[in-house]
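The values are calculated or read from the model by the stated rules, or taken from the named source; none is laboratory data. Just so it is clear, the structure is predicted and the values come from calculations on it, not from any experiment. Quick reminder, even Gly has a Cβ in these numbers, built from the backbone with ideal geometry, and neighbours come from all protein chains shown. Ligands, DNA and RNA are excluded from the accessible area calculation, which covers all protein heavy atoms including side chains. Shrake-Rupley method; radii C 1.70, N 1.55, O 1.52, S 1.80 Å.
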Amino acid sequence: MDRDIRTTDDVLNLLDGLFAPEVDRWTAGGAAWWDDFYADRSRPVPFFVAKPDENLVSYAERGLIAPGRALDLGCGPGRNALHLASLGFEVDAVDLSPAALAWAEDRARATGAAVRFHQGDAFALTQAELAGPYDLVYDSGCFHHLPPHRRVSYLALLDRVLAPGGHFALTCFAAGAGGMGSELPDAEFYRQSALHGGIAYDDRALRRIFGDLTEAELRRMRDEPAESALFGEPFLWTGLFRRAA
């Protein structure tokens, strides 16, 4: 007889187990899926390009963020981490996938960028060597791959590592954009034991989830043409929030 639930972590782990193993994109067990995803660097995947997010560039150009310590969650091939380093940030970048990090390290060597790359689960790493505080936590495409109950873990991560007065910024799938991301109700993901590639959010949901932070900007990502030096896709939300000093 199993009667093992007595802590919040016990509940979260139980809920993790309600999903089929093949939908895992957020734990160490999901690394192999991402390795396959990044194995062919020539694939026409929009965010494989070596371009920073247009919103991240805009934040710096408008003085909304300033150089300090930065943590890039789910950094992939490192395009945003390298841009932050070029602005003078001291950057730690995390990803589950060794293949993604190998690509990011190749790009860093080619550009001379000084970024510390870390392979593993961001929830675990931020309780150890990546404890912060960070002046900026940046997430381009990680949050929307979490199951609903892991928003609790995500908010706890921000509470651990984000410096007083620091900023949190993200891009995630936008509901109603006709693009990627499922708009099913939260409960339905558990009934189906699937996340359908990721969860789409609207502005009201993001304001509610990150309501303990002060919103600086929340908008759709701008569409950037192929010849642009920036990455931009209108099926994504972008948000910048500030923690109280």
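For this structure, a couple of remarks:
- Accessible solvent surface per residue of segment 1-101, calculated while the other protein chains remain in place, 1.4 angstrom probe, Å²: 48
- The charge dipole of the chain, taken about its Cα centre with unit charges on the Cβ of Lys, Arg, Asp and Glu (plus for the first two, minus for the last two), comes to roughly 460 debye.
- Karplus-derived 3J(HN,Hα), 6.51/-1.76/1.60, for each residue of segment 183-196, Hz, glycine and proline x: 9, 4, x, 3, 4, 5, 4, 6, 5, 9, 6, 8, 10, 6
- Inter-label distance for Arg62 and Ala128, nm, one decimal - labels placed 7 Å from Cα along Cα-to-Cβ: 3.8
- Accessible surface of the chain [probe 1.4 Å, protein heavy atoms]: carbon and sulfur percent: 53
- Mean projection area, nm², convex hull over Cα of segment 174-239: 5.6
- For volume of the Cα convex hull per residue in Å³, calculated from these coordinates, the label among [x] 132; [y] 109; [z] 123: [x]
- Phi angles of segment 129-141 translate, via the Karplus equation with coefficients 6.51, -1.76, 1.60 and θ = phi - 60°, into HN-Hα couplings of 6, 10, 6, x, x, 10, 6, 9, 10, 10, 9, 10, x Hz per residue; Gly and Pro are given as x.
- Pair Asp35, Leu218: separation of 7 Å Cα→Cβ label points (nm): 3.8
- Rolling a 1.4 Å probe over the heavy atoms of the protein chains gives segment 183-245 an accessible area of 55 Å² per residue.
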